[in-house]
1. Compute and list, largest first, the equivalent-ellipsoid semi-axes of segment B:156-221 from the alpha carbon gyration tensor, each √(5λ) rounded to a whole angstrom.
2. Between B:Ala193 and B:Val64, what is the label-point separation in nm under the 7 Å Cα-to-beta-carbon projection?
3. Rounded to the nearest 10 Å², what accessible area does A:Glu20 show when all protein chains are kept and the probe is 1.4 Å?
4. Roughly how many debye, to the nearest 20, is the charge dipole of the protein assembly as shown about its Cα centre, given +1 on each Lys and Arg Cβ, -1 on each Asp and Glu Cβ, and no other charges?
5. With r defined as the distance between the Cβ atoms of B:Cys95 and A:Arg86 and R0 fixed at 25 Å, what FRET efficiency is calculated, to the nearest 0.05?
6. For chain B, with a Gaussian network of springs between Cα atoms less than 10 Å apart, report the residue from B:Gln127, B:Gln32, B:Gln203 with the top mean-square fluctuation.
7. Take the Cβ-Cβ distance between A:Asn33 and A:Asp78 as r, set R0 to 30 Å, and report the resulting FRET efficiency rounded to the nearest 0.05.
8. Which whole number gives the average, over all residues in B:38-49, of C-beta atoms from other chains lying within 10 Å of the residue C-beta?
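The values are calculated or read from the model by the stated rules, or taken from the named source; none is laboratory data. Because the structure is predicted, anything quoted here is derived from the model rather than measured. Please note: Cβ atoms are built from the backbone with ideal geometry, for glycine as well, and neighbour counts cover all protein chains shown. In case anyone asks, the SASA skips ligands and DNA or RNA and just uses the protein heavy atoms, side chains included. Shrake-Rupley method; radii C 1.70, N 1.55, O 1.52, S 1.80 Å.
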Amino acid sequence: MADRIVPLGEKRLMDVKLGELGSWLGKRDFTPNGVLASIRNGHDRYYNKYINVKKGGIGGVAMLLVGYVALSYMWEYDHLKHDRWRKYH
Amino acid sequence: RFNLFKKVPTIKSPCLPRLVQLSHLHTSPNSQAPVPALPEKGGKTRHGIIPEEIFQLLYPKTGVTGPYVLGAGLLTYILSKEIYIINHETFAAACMGTVIIYGVRKFGPDVAAFADKLNEEKVQKAQEVKDLAMTSLAQAVLDEKKEQWRAEGRQMLFDAKRNNVAMLLETNRRERVHMVTNEVKKRLDYQIALQTLHRRMEQEHMVNWVEKNVVTSITPQQEKTSIAKCITDLKVLAKVQQAKATA
């Protein structure tokens with residue numbers, strides 16, 4: 001897929017080569033507007049792929065719920081640390 | 001199917017049940033292009049929670065079991081390092097998970113069919129509205145064409161009216177010509193009558209005058225001599241007649 005030369009900052013993550021990762025991160029737009037735009041973009045992509053379809057399956061909502069569970073577990077980890085069975089792993 | 005529960009700001013078309021986001025379409029909000037149809041099925045997921053892309057990503061390198069082995073390894077790792085800690089909540093999660101999975105497996109298709117039916121009804125209603133609008137507009141087009149055809153016929157109406165008016169004018173003209181002729185004739189007749197009267201009167205007057213003069217000019221003397229002459233003439237005639245009768 002070499003139809004035109006895309007500047008590094010606009011490449012998608014999967015098209016960035018490992019060596020360019022640092023400079024790619026540097027070019028991304030971290031202003032509040034840019035962050036909001038990327039959040040909206042991500043939301044749109046997820047929504048249009050999994051939810052905004054004629055026959056959506058359970059995957060669309062289930063993935064969100066699993067993500068929520070995982071995220072809340074991570075946030076509570078400091079509390080849960082005390083329930084560990086062994087001290088040294 | 002979960003479109004039923006999502007509320008997203010929509011644009012224009014109030015009858016379309018599809019909740020399409022603005023960023024999904026062309027950039028201007030007043031585009032006239034038809035809305036692209038929704039995809040039939042969403043992105044595929046394996047076991048409901050893992051997107052199919054992971055499996056496709058690992059397939060070339062590790063084949064079919066790759067992601068499962070990866071999952072098992074990750075699970076072992078987080079359990080052994082106690083990144084995931086087994087406590088009372090684990091049991092609760094296990095119970096809930098079982099119930100949820102059982103519920104989804106058993107009632108999933110029915111709920112899906114129900115939601116599909118609701119969507120179907122919405123789409124059908126919108127389609128009916130659209131069809132009604134289409135038929136009425138097509139009918140309006142036909143009526144308009146008919147009106148245009150009728151308007152063309154107006155030319156014939158105008159021609160007929162023009163003919164009428166021309167006929168009226170012609171009649172009027174002829175009447176007036178007749179009237180003129182009659183009037184002129186009357187005047188000429190009057191002149192003729194006047195002349196004949198003149199002539200007759202002159203004639204009669206002359207005759208009377210001549211008669212009168214002659215009568216007055218006959219003196220008694222002349223009268224006697226003419227009477228005597230008449231008598232002798234008569235006698236001669238009688239003699240001749242007698243002679244003829246006896247001869």
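1. On the way: eigenvalues 805, 6, 3 Å².
In descending order, the three semi-axes are 63, 5, 4 Å.
2. Using points 7 Å along Cα→Cβ, the separation is 13.5 nm.
3. 60 Å²
4. 760 debye
5. Once the sixth-power term is evaluated, E becomes 0.50.
6. So, out of B:Gln127, B:Gln32, B:Gln203, the one fluctuating most is B:Gln203.
7. Working: r = 33 Å, r/R0 = 1.10.
For R0 = 30 Å, the calculated efficiency reads 0.35.
8. Average neighbour count from other chains, rounded to a whole number: 6.
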